[in-house]
Amino acid sequence: MGEPRIIVVGAGPAGVRAAEALVAAGIRPVIIDEALRAGGQIYRRQPDGFVRNYATLYGSEAARARGVHATFDAIIPQVDYRPETLVWHIFDDTIWTLGPDGRHEAIPFDALILCTGATDRLMPVKGWHHAGAYSLGAAQIALKAQACAIGREIVFLGAGPLLYLVAAQYVKAGAKVVAVLDTAPFSKRIAALPWLLAQPGILWDGLALTLALKKAGVAVHHGIEPVEILGDREDGVRGVTARAPGGRTLHFACDAIGMGYHLRPETQLADLARCDFAFDATSRQWIPRRDAGGRTSAKGVYLGGDGAQILGARSAEASGRLAALTALGDLGLATDGQEQARLRKAISRYAKFAKGLTKAFPWPIAQAAALPDDAILCRCESITAGELRAIVNETGAHEANRAKAFSRVGMGRCQGRYCGLAAAEVIAAEARVPIETVGRLRGAAPVKPIAAGSAGTPA
């Protein structure tokens, strides 16, 4: 028997550590990455010619970013690295890719390790379709990869650690941050301390971000209710209105807004690989099932990092390596059982901390129910919340995919990545059914747009 064909999708913290483990075992894996260079979103590298140092780019995570980058740079000669390449379909034991040259390729595998990372979790706000409204991830990309701010006067709105991280990064870069509007009451953080203390170092880093914002004079408001992002077609965003606890109206003039409510796993490829999913009541999301070693219900398919469950970059390094060791063991290759046990223990600590984050920064369920009928829900298809509610009432469509078929919510370019979770909440509230009964939007190939009829596309 020849060397097993192992493919790793994603070259963020999880993918890099998975690749490192495979190379150490004598395997030459195929590493497929949509980005130009390894590092993932959190450790995204700056373009050639940029000279900002690690401390400036990554703050408290500078040492970890440097370690991930250095590890991957060292093993590049020992892997088949394919940057700027999209995995757009999986069927049985084969993936289909589209490379930077426009060439499609079908690649069979003996083991597939999906380290697909996460994307922004967004809750619509009336006016979020105006030019100048960005996700937190997009705002971070602009700063890291393009060395520019998303606006001259910026408001950050949402909940979760990423909200404070991106706001602090903008302050450090010299941008004018008008305010940080957190939908989570501060009391939620106090109540979540027993879980957050599972990672005191990370907790302190988060507190330091808040202190840095206040020291810079940024207004930080907790427990707010977004009302509207003000703007128009010609000039885009020009302000945001919110309600403070107690009902006081707050208004902030700005020309850009960064939005986000923590993160959601990128699970489309796991879906195409026919992995089973389970509803996580704590985060109110559907996530792929996996065992303690990273195995999924699909033979030969393993998960690592935030693409399986949002546990953070440090956990991603551990779970990516663990998934690779599990795959090696399943293929009959020797692995270190004690190391696997240590990795599982470390991941459990990160899981406890992550549970604390969901308690400290809850997903704003009531915001979906209160979304005005004329507010855009699906930006790709310009479908309003009222249109979706009418579909629910007129057709009895209480399930996500049925409602999608009637309304087109989730049929656009993003395939529901940014509206799907909020749409499910709107359906559940309007139909008065538990959110888990609404289900999830099914994945379909291609997972991202590709040119129709391009040469080599499998039928």
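When Val433, Val426 are checked against the criterion of being within 21 Å of Val227 (Cβ to Cβ) and either at pLDDT 95 or above or more than 25 Å from the chain's Cα centre (by Cα) (or both), a single residue qualifies: Val426.
Among the residues in segment 320-338, are any in contact (Cβ under 8 Å) with a residue 60 or more places away in the chain, assigned to a helix (DSSP H, G or I) and under 19 Å from the mean Cα position of the chain (by Cα)? Yes, that holds for at least one residue. Of all residues in segment 295-314, those that are more than 27 Å from Arg44 (Cα to Cα) have Cβ atoms under 8 Å from Cβ atoms of residues that are modelled with pLDDT of 95 or more and of a type in the set (S, T, N, Q), 6 or more apart or on another chain, in Arg295/Thr326.
With the structure loaded, tell me whether Glu387 is surrounded by 15 or more Cβ atoms within 10 Å (Cβ to Cβ) and of a type in the set (Asp, Glu) or whether it fails that test. Considered against the rule, which asks whether it is surrounded by 15 or more Cβ atoms within 10 Å (Cβ to Cβ) and of a type in the set (Asp, Glu), Glu387 comes out as yes. All of (1) surrounded by fewer than 24 Cβ atoms within 10 Å (Cβ to Cβ); (2) in contact (Cβ under 8 Å) with a residue 60 or more places away in the chain; (3) in a strand (DSSP E or B); (4) out of contact with any Asp or Glu (no Cβ under 9 Å at 6 or more places or on another chain) hold for Phe252 with one exception: (4). Considering only segment 56-68, I want to know if a residue exists there that is modelled with pLDDT of 95 or more, over 16 Å from Leu272 (Cβ atoms) and of a type in the set (D, E, K, R). Checking segment 56-68: not a single residue is modelled with pLDDT of 95 or more, over 16 Å from Leu272 (Cβ atoms) and of a type in the set (D, E, K, R).
Within segment 88-128, take every residue that is open to solvent by less than 10 Å² (accessible area, probe 1.4 Å), of a type in the set (Val, Ile, Thr) and under 24 Å from Glu317 (Cβ atoms) and give me the one that is farthest from the chain's Cα centre (by Cα). If we take residues in segment 88-128 being open to solvent by less than 10 Å² (accessible area, probe 1.4 Å), of a type in the set (Val, Ile, Thr) and under 24 Å from Glu317 (Cβ atoms), then Ile95 is farthest from the chain's Cα centre (by Cα). Within segment 166-208, being open to solvent by less than 30 Å² (accessible area, probe 1.4 Å), part of a helix (DSSP H, G or I) and in contact with a strand residue (DSSP E or B) (Cβ under 9 Å, 6 or more places away or on another chain) holds for Val166, Ala167, Ala168, Tyr170. Count of segment 266-294 residues, restricted to those that are in contact with a Leu (Cβ under 7 Å, 6 or more places away or on another chain), of a type outside the set (Gly, Ala, Ser) and touching a residue at least 40 places away in the same chain (Cβ under 8 Å), is 2.
Would you check if Ala242 is in contact with a strand residue (DSSP E or B) (Cβ under 9 Å, 6 or more places away or on another chain), over 30 Å from Leu86 (Cα atoms) and crowded, with 18+ Cβ neighbours inside 10 Å?
yes
Restricting attention to segment 133-145, does a residue exist that is open to solvent by 30 Å² or more (accessible area, probe 1.4 Å), under 27 Å from Arg379 (Cβ atoms) and of a type in the set (Lys, Arg)? The answer is no; no qualifying residue exists. Here Cys148 meets the list (1) open to solvent by 10 Å² or more (accessible area, probe 1.4 Å); (2) in contact (Cβ under 8 Å) with a residue 40 or more places away in the chain; (3) among the hydrophobic types (A, V, I, L, M, F, W, C); (4) outside any helix (DSSP H, G or I) almost entirely, failing just condition (2).
Val220 falls short on exactly one of the conditions (1) of a type in the set (Val, Ile, Thr); (2) within 30 Å of Arg37 (Cα to Cα); (3) at pLDDT 95 or above; (4) surrounded by fewer than 23 Cβ atoms within 10 Å (Cβ to Cβ), and that condition is (2).
Would you be able to say whether some residue in segment 393-413 is open to solvent by less than 50 Å² (accessible area, probe 1.4 Å), of a type in the set (D, E, K, R) and under 16 Å from Trp128 (Cβ atoms)? There is no residue in segment 393-413 that is open to solvent by less than 50 Å² (accessible area, probe 1.4 Å), of a type in the set (D, E, K, R) and under 16 Å from Trp128 (Cβ atoms).
Kindly indicate whether Gly10 is more than 22 Å from Gly201 (Cα to Cα) and either crowded, with 17+ Cβ neighbours inside 10 Å or in contact with a His (Cβ under 6 Å, 6 or more places away or on another chain) (or both). Against the criterion (more than 22 Å from Gly201 (Cα to Cα) and either crowded, with 17+ Cβ neighbours inside 10 Å or in contact with a His (Cβ under 6 Å, 6 or more places away or on another chain) (or both)), Gly10 qualifies. Restricting attention to segment 52-78, the residues that are open to solvent by 30 Å² or more (accessible area, probe 1.4 Å) and among the hydrophobic types (A, V, I, L, M, F, W, C) total 5.
In summary, Val16 fulfils each of the numbered conditions (1) open to solvent by 60 Å² or more (accessible area, probe 1.4 Å); (2) under 19 Å from the mean Cα position of the chain (by Cα) with the single exception of condition (1).
The values are calculated or read from the model by the stated rules, or taken from the named source; none is laboratory data. Here the structure is a predicted model, which is why all the values come from computation and not from measurement. Neighbour counts run over all protein chains shown; Cβ positions are idealised from the backbone, glycine included. For accessibility, only protein heavy atoms count, side chains too; no ligands or nucleic acids. Shrake-Rupley method; radii C 1.70, N 1.55, O 1.52, S 1.80 Å.
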